[in-house]
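The values are calculated or read from the model by the stated rules, or taken from the named source; none is laboratory data. Everything numeric here is computed off the predicted structure, so don't read it as measured data. Here Cβ is always computed from backbone atoms with ideal geometry, including for glycine, and neighbour counts include all displayed protein chains. We work out accessible area using only protein heavy atoms, side chains counted, and drop any ligands, DNA or RNA first. Shrake-Rupley method; radii C 1.70, N 1.55, O 1.52, S 1.80 Å.
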Amino acid sequence: MANSTLKNVRFAGMASCVPKQIVSNLTDCRPQIRADRERLVRNIGIETRRMAPKWQCFSDLAFDATEKLLESLQWQREEIDALIVVTQSPDYPIPATAIIMQDRLGLSHTTIAFDVNLGCSAYPFGIHLLGSMISAGGIKKGLLLVGDRSATLDDPIFSDAGTATALEFDENAPPMYFDLNSDGSGYKAIMLPVGGQREPVDVQHLIKYREDENDHWHRATDLVLDGPAVLSFSTQRVPPAVEKLLTYADASKDEVNYFVFHQANRMINETIRKKLGIPVEKVPSTLRDFGNTSGASLPITITARINKQLESGKHRVVLSGFGIGLSWGTVLVDIENAKFPDLVES
């Protein structure tokens, strides 16, 4: 698709929810790997993360975020025409989580509801998908729920979160500009190799094995993350994509109030910022406190760092998500009079 423009779509509001439990990468780990963790934290910049208890699903966090957002917007539930859930953490393999959430949220039976399987780049793609339906004119109000449950004590990177975003039809809304891309040749860089139909889970996959001399233990069902490949992909693909989008939208970096990037790790994000020549004050970060919240990292960063600023006046914001797939997407959106309630903890 590369570049595209959506008209008549207003960014009405956003809410985010995280679990109450805070996990420290420095203290909530086995003593024998603490020195290794300290070095890792210095490199990736993630000190604490949020981890859901076993009973809490991504959908529970997204539900609480949605309830808070609807309360803030004062939208009536029968007004909502579409509900899209973008996650890699569905309640069940089937049916779609969105169908369950339609009933749980008390939305009308006429509400269009479906799931999309996408992670780190989820937010720009989700905005484009829901926005396209609204821009076509048949849908007036819609909700986008994005997030994942991926945190474990053993992995120092990922955190759990659920978010809700509201879009609505508005003939006077400024255009939204998009740059969306995919490269499936790099799919092995971030993947769960076991658990799908290509390789179903078997008994041997559940047995832990010692990976290296640092006493790291894993299962075949754990996420495989090729750090060097992800670093190379992110720092090479994202900066030119942002530049390309700004050129397409005839906008300068000076006109943009905030650049919000997927919270991958400090090395990746700082390299992207420096390549683009963006001042630190324009690039909010939640890595230190929330880690990598997958597709929810853009809304989490907005909610936790700049929600009050965005509630007053008009702001131009660039949102860029990148990762699994491999895929990368960027959107330039003008936000005015939108609702951004404070972070929900549940």
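The number of residues in the stretch 50-83 being of a type outside the set (S, T, N, Q), part of a loop (DSSP other than H, G, I, E, B) and within 21 Å of Thr303 (Cα to Cα) comes to 4. Filtering the stretch 230-242 to residues that are touching a residue at least 24 places away in the same chain (Cβ under 8 Å) and among the small types (Gly, Ala, Ser) leaves Ser234, Ala241. Among residues of the stretch 66-83 that are in contact (Cβ under 8 Å) with a residue 12 or more places away in the chain and closer than 21 Å to Ser346 by Cβ, those with a beta-carbon under 7 Å from a residue that is among the polar types (S, T, N, Q) and open to solvent by less than 70 Å² (accessible area, probe 1.4 Å) at least six positions away or on a different chain give the pairs Leu83/Gln102; Leu83/Thr111. With respect to the conditions (1) out of contact with any helix residue (DSSP H, G or I) (no Cβ under 9 Å at 6 or more places or on another chain); (2) open to solvent by 30 Å² or more (accessible area, probe 1.4 Å); (3) not β-branched (Val, Ile, Thr), Asp342 lacks only one, and its number is (1).
Of the residues making up the stretch 248-257, none is open to solvent by 10 Å² or more (accessible area, probe 1.4 Å) and in contact with a helix residue (DSSP H, G or I) (Cβ under 6 Å, 6 or more places away or on another chain).
Summed over the stretch 126-156, residues that are surrounded by fewer than 22 Cβ atoms within 10 Å (Cβ to Cβ), among the hydrophobic types (A, V, I, L, M, F, W, C) and closer than 24 Å to Ile302 by Cβ total 3. Considering the stretch 29-49, and only residues there that are more than 19 Å from Thr286 (Cβ to Cβ) and part of a loop (DSSP other than H, G, I, E, B), the residue that is least open to solvent (accessible area, probe 1.4 Å) turns out to be Cys29.
Among all residue pairs at least 6 apart or on different chains, which show Cβ distances below 9 Å where the first residue, located in the stretch 217-229, is open to solvent by less than 50 Å² (accessible area, probe 1.4 Å) and the second is aromatic (Phe, Trp, Tyr)? As it stands, the answer is Ala220/Tyr209, since those pairs meet every condition given. Of all residues in the stretch 84-119, those satisfying the criterion of being closer than 30 Å to Gln197 by Cα, open to solvent by 10 Å² or more (accessible area, probe 1.4 Å), touching a residue at least 12 places away in the same chain (Cβ under 8 Å) and not in a helix (DSSP H, G or I) are Gln88, Ser89, Pro90, Asp91, Ala96, Ile112, Ala113, Phe114, Asp115, Val116, Asn117, Leu118. Scanning the stretch 232-251 for residues that are within 12 Å of Ala264 (Cβ to Cβ) and either touching a Gly at 6+ places or on another chain (Cβ under 8 Å) or modelled with pLDDT under 95 (or both) yields Phe233, Ser234. If the condition is being free of Cβ contacts under 8 Å to residues at least 40 places away in the same chain and open to solvent by 10 Å² or more (accessible area, probe 1.4 Å), then the stretch 286-300 contributes no residue at all.
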